[in-house]
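Have a look at the structure below before the remarks.
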There are 4 protein chains.
Amino acid sequence: MSRVLRVGVIGLGFFGSRHASIYADHPAADLIAVCDADPARAAAVARDTGARGFGDFRALLALPDLDAVSICMPDRLHEDAAVAAAEAGKTILLEKPLAHDGAAARRIVAAVEKNGARLMVGHILRFDPRYVQTFHAAAPERLGRPIHLRAKRNGVRSTAKRLGASSSILFYMGVHDVDAMQWIARSLIGRVYAQKAELLGTGNEDALYAVVNFENGAIGSIDYSWAWPDGLMNGFRSSLEIVGTRSAAYLDCTDQGFFTVEDGGTSGGDTHLWPEINGRIVGDLADELDHFVKASLSGRPYLQDHREALDAVPVLDALAQSARTGLPVDVMR
Amino acid sequence: MSRVLRVGVIGLGFFGSRHASIYADHPAADLIAVCDADPARAAAVARDTGARGFGDFRALLALPDLDAVSICMPDRLHEDAAVAAAEAGKTILLEKPLAHDGAAARRIVAAVEKNGARLMVGHILRFDPRYVQTFHAAAPERLGRPIHLRAKRNGVRSTAKRLGASSSILFYMGVHDVDAMQWIARSLIGRVYAQKAELLGTGNEDALYAVVNFENGAIGSIDYSWAWPDGLMNGFRSSLEIVGTRSAAYLDCTDQGFFTVEDGGTSGGDTHLWPEINGRIVGDLADELDHFVKASLSGRPYLQDHREALDAVPVLDALAQSARTGLPVDVMR
Amino acid sequence: MSRVLRVGVIGLGFFGSRHASIYADHPAADLIAVCDADPARAAAVARDTGARGFGDFRALLALPDLDAVSICMPDRLHEDAAVAAAEAGKTILLEKPLAHDGAAARRIVAAVEKNGARLMVGHILRFDPRYVQTFHAAAPERLGRPIHLRAKRNGVRSTAKRLGASSSILFYMGVHDVDAMQWIARSLIGRVYAQKAELLGTGNEDALYAVVNFENGAIGSIDYSWAWPDGLMNGFRSSLEIVGTRSAAYLDCTDQGFFTVEDGGTSGGDTHLWPEINGRIVGDLADELDHFVKASLSGRPYLQDHREALDAVPVLDALAQSARTGLPVDVMR
Amino acid sequence: MSRVLRVGVIGLGFFGSRHASIYADHPAADLIAVCDADPARAAAVARDTGARGFGDFRALLALPDLDAVSICMPDRLHEDAAVAAAEAGKTILLEKPLAHDGAAARRIVAAVEKNGARLMVGHILRFDPRYVQTFHAAAPERLGRPIHLRAKRNGVRSTAKRLGASSSILFYMGVHDVDAMQWIARSLIGRVYAQKAELLGTGNEDALYAVVNFENGAIGSIDYSWAWPDGLMNGFRSSLEIVGTRSAAYLDCTDQGFFTVEDGGTSGGDTHLWPEINGRIVGDLADELDHFVKASLSGRPYLQDHREALDAVPVLDALAQSARTGLPVDVMR
């Protein structure tokens, strides 16, 4: 591979446009192509970044000098694009979730491995200092054995309404915390029980509460909701805590240390995920792409192996099944 | 009844000594008797307050001019004292939990009703402004229908070690939140699922996580722990939130707005529950006793009927059973 | 004096109506009279509480069986009412500020002392557990010598607009913190320097920042504002901190542990000052009146002597003078 | 200049070692030399990074292929090294403060300009998302005219003891906030008044409180202390707020969203400044160096011109003078 990673971005929505912007600013990346189903959008981003614009991702993938792609499409389109990229032998950064269900996720991984491609899944929490510090604090020599873990990810109802039946609380939001809990606990979830509520009529679950068991004996609690009124301060509430036999650690992302006040109310602001400051995007997403570029160029392993990324998927499937049946479910791996 | 409530306190530990102190300061109460199994302790409190000291609660209950008693003994001694007080026709303020199990609780209530006595259970959260404001905010005309509720009560491991097998996380701490959740949701819990962890060897559960269903369709999450290291800021973390179809409300008791800093660390302090300031006890406990005195004198109903206080008990029993069996359990009422 | 304090309330605005309500609920108080310049308002409160309604405070003060009065009128009317009450020999609870300027304050005190009346000034922070805990934590044996103190009291601009030139940031809000700082530091302020800003055109200062020197060598910082946009979370921000040679303490009143969320935003709620819960007013104001009633009946001294209450006034005068001249000013006592 | 910036680090203490580590990880930087007065330290960092080690910064500056240097020495050594680097024509990243006093700062700038070198001062807050978001929120079209600004930077006494008379609260900590306030207010400070406390005997001021006036009419309050007991949660408290005629913004850096709990207490952790996560340093410092590398290579201006960096120095001098004399002081520029 060259000293500079020649990269393309497929899907130019909220995340894809940020990927494009970050690559364009990265000294070891060369953003050579962008693609969106909306040709005007592709053209606009192409113009801003100097990349070539495409309307069809297969044309983009056919570029012979393209090393790598970010796939930032809606969940249900991940499989086609990722399999095609794998078959084209490209290095892939696949925005979470890996796929919209477990079977699709496994097909993507199979295609990657068959074609000798490389795959990194965009589990951004693995680059968030709050989560990584908690991971470090939960090392066995510091924490002892994990006793209990709790994760929360709550958002506002307008998100659920906007996404409607095209997504699900588990795959859209839940994959973050299932991945984080297993990573931080150094153990897989083996059994789950979940209940959901559906009163708002958004075409989606309002909330899902679960109790889970880890293989190492710890118990876990999961608290997902996108039922909050839209005036929720900061727009979301997410946190995680782990208590072990020797020490404990917790994080809370709700307050990011910055607020604005107008006559209509007080609002928080992003200072961690992908804040645009001084004209450029910094924070977790930029660090994630920096890692992707460097590890892709050097051939060193990604922070998270793609097989480990797959570990969250059967837990999500089991949570969905438990919420449907009202019974505890063993996770099938 | 007289214009002043002549009251006695049975059990002079942490809570009983505070009850005695609050009554002694109350203009409509006359603390005439105190009782503790430790005669020195009874004598000391008697000396401080001007009340008569007793070593045996039956002798105290035999005082003819005694109107009412606070019972502040360890959980497993509640039944004997409460039944005796009921049979003596006294008005009773019974510190939570009502009893150490459901059968004992029902025997107490039966004795109260058979003897025409009055009973108020010391559910202090019903006098905590944070919980009561949340209760008011969750009125149907403000909140709409409840969708999901979450309650947390976490403490440090030295409490579990100290109490050992003489108590349980559910009856010692859990009764607070089960009562509060049913009160604030305006609905009973009908089905529960719980898992517990026991790694610390305290003779007690370390933690219990549960998912519950309310009769009105809302789902609930309960998060109990006394496994935190003893250095936990403020010594506890408790919170509650409820999201409804129209609005939402939440409370967090962890930070009470006051801290001290020494070379060894930063510590919080109580400004809500029973702070002793300017030489007297104020806050939730004082308001609870003020209500008890006034309603007892006036004959008006207590904020919480004793039958409603009983509603928490079968939920605790079901949680214990689910944690033991690993299966969802329907609450038996 | 009787076993019950027969009390009247003069001025039935925001504070006066709360005083009336609290007295009506107090077992050792008998609310016998209320007074407001608006006869309809006086009649309404009289009807609700069973007290007699008056339009003229002199008629109220002429009641022979009246023991005590709460004076809750606008700042500039304090002097007339307080002097008249003193001349009538009544026991007085005077809402803060003592008066609208130093000369009036001294005339009130002179009248009280000449007539052998008793006077308590409504410095509510002396009953707020957060401030009192800080006061206790700042005891010399715990804190050592005070090094620096900072106090903040910030509110929204609609308050400044509403009050206009009838009040001032110093006398309306500032008296709280000057009293609290001198009380907690166990020392008087001897020298001040202040700057003010006046850009909003409310007819009032927008903000006043000051640096002060205590007689014991500590330095102080004061931060007053009512220039915040009306959407400020909770409507205010107030805090105080003190660092000493041995330890330190701080309090922050902004977050009171309770929030509601609607589509339009997140709002805090009062859980400390005068929350109305379960149909009655509890918290700092209720504790302040409870103390007033008990100490008035028993003849014991008030927590704060009226001469100590006077100590804040020359500091406010000096702050105003410094802000006007731009020079440091020595406090004249 | 080459496509890669060949860089050296002078001074390998807390900051210098982090600079070295960040450059070693940066794809557009080549760390070719490091220098420390302690040869063992220089050798150790050289071994870890592959750079050459030096004991004398003049030898390092004599390297013909060296493009740029980070100067991370103690305050009083800044001048010699920076002037030498300027005379060698190197591009300079100078850790704050520019110098230990105003005269030295001006000599450094003169040397830079005379030799046609480039200079960026390490004002890290200009890369902190919380401060930059506040800067963006304070744009005139959003904030209106600034009315009042308050900045706080408080730390623990062990820092003051360790640095002793070799540093000062104003130059060590204060330069951050004076620079930030002038930057965010879009206006210079023209007049100051300050008082200091010195009770702890650390060889340094314990605290300094100031009131300042901006040229645009806003007032400011500054609150510096390193007198807190060492057990202060997180080890520091820093915040900034600005209220304007249209809106307001505030930030608080004290809570960074991550905590660990052990039996001895609860501790925060760095998630913003220079957290080392997943084996590399991210956050503000890494972003600052990334900007330095990119702007140095491209020839584009630095975010902050070196002449603007100089604007903080006369304010610090005026604050020191006011604290010494007890009188307001006009800032001399």
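The values are calculated or read from the model by the stated rules, or taken from the named source; none is laboratory data. Everything quoted here is computed from the prediction, not taken from an experiment. Cβ placement follows ideal geometry from the backbone for every residue including glycine, while neighbour counts extend to all protein chains displayed.
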(message) Within the range B:243-258, does at least one residue satisfy the condition of being more than 8 Å from chain C (Cβ to nearest Cβ) and without any contact (Cβ under 8 Å) to a residue 12 or more places away in the chain?
(response) no
(request) Specify the residue that is nearest to D:A323 (Cα to Cα); the eligible residues are those in the range D:210-224 that are in contact with a Gly (Cβ under 7 Å, 6 or more places away or on another chain) and of a type outside the set (A, V, I, L, M). (result) D:Y224
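Residue by residue, here is whether (1) touching an Asp or Glu at 6+ places or on another chain (Cβ under 7 Å); (2) of a type outside the set (K, R); (3) more than 24 Å from C:F236 (Cβ to Cβ); (4) more than 7 Å from every other protein chain (Cβ to nearest Cβ) holds:
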| position | (1), (2), (3), (4) |
| --- | --- |
| D:L208 | no, yes, yes, yes |
| D:I222 | yes, yes, no, yes |
| D:P229 | yes, yes, yes, no |
| D:V261 | no, yes, yes, no |
| D:D287 | no, yes, yes, no |
| D:P301 | no, yes, yes, yes |
| D:D305 | no, yes, yes, yes |
(request) Scan the range C:245-261 for residues that are at pLDDT 95 or above and out of contact with any strand residue (DSSP E or B) (no Cβ under 6 Å at 6 or more places or on another chain) and report the count. (result) 2
(request) Considering (1) surrounded by fewer than 15 Cβ atoms within 10 Å (Cβ to Cβ); (2) assigned to a helix (DSSP H, G or I), say which one D:P64 fails and leave the rest. (result) (2)
(message) Regarding the range A:226-235, can at least one residue be identified that is assigned to a loop (DSSP other than H, G, I, E, B), modelled with pLDDT of 95 or more and over 30 Å from B:R142 (Cβ atoms)?
(response) no
(request) Go over the candidates C:L273, C:L251 one by one and state the one that is under 23 Å from B:S239 (Cα atoms) and not in a strand (DSSP E or B). (result) C:L273
(message) Can you find a residue that is of a type in the set (V, I, T), touching a residue at least 12 places away in the same chain (Cβ under 8 Å) and in contact with a Cys (Cβ under 8 Å, 6 or more places away or on another chain) anywhere in the range B:102-118?
(response) no
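Find the helices (runs of 4 or more DSSP H) located wholly in the range C:87-198 whose residues include 2 or more that are within 14 Å of chain B (Cβ to nearest Cβ) and buried (at least 24 other Cβ atoms within 10 Å of the Cβ), and list them.
On the way: elements: C:102-114, C:129-137, C:140-143, C:157-163, C:175-185.
Correct list: C:129-137, C:175-185.
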(message) I want to confirm something. Restricting to the range C:277-333 and keeping residues that are small (G, A, S) and in a loop (DSSP other than H, G, I, E, B), which single residue is farthest from the chain's Cα centre (by Cα)?
(response) C:G326
(message) Here are the criteria: (1) without any contact (Cβ under 8 Å) to a residue 60 or more places away in the chain; (2) assigned to a helix (DSSP H, G or I); (3) closer than 22 Å to C:H176 by Cα. Tell me which single one C:V83 does not satisfy.
(response) (3)
(request) Give the residues of the range A:5-61 that are assigned to a helix (DSSP H, G or I), more than 27 Å from D:H291 (Cβ to Cβ), small (G, A, S) and in contact (Cβ under 8 Å) with a residue 12 or more places away in the chain, sorted by residue number. (result) A:A42, A:A59
(message) Going residue by residue through the range C:162-170, is there one that turns out to be touching a residue at least 60 places away in the same chain (Cβ under 8 Å) and in contact with a Phe, Trp or Tyr (Cβ under 6 Å, 6 or more places away or on another chain)?
(response) no
(request) Among what's in the range D:214-224 and is over 12 Å from D:A194 (Cα atoms) and in a strand (DSSP E or B), pick the residue that is farthest from the chain's Cα centre (by Cα). (result) D:I219
(request) State yes or no: is C:G203 within 14 Å of chain A (Cβ to nearest Cβ), in contact with a Gly (Cβ under 6 Å, 6 or more places away or on another chain) and assigned to a loop (DSSP other than H, G, I, E, B)? (result) no
(request) May I ask you to list the residues in the range C:263-272 that are surrounded by fewer than 19 Cβ atoms within 10 Å (Cβ to Cβ) and more than 14 Å from chain A (Cβ to nearest Cβ)? (result) C:D270
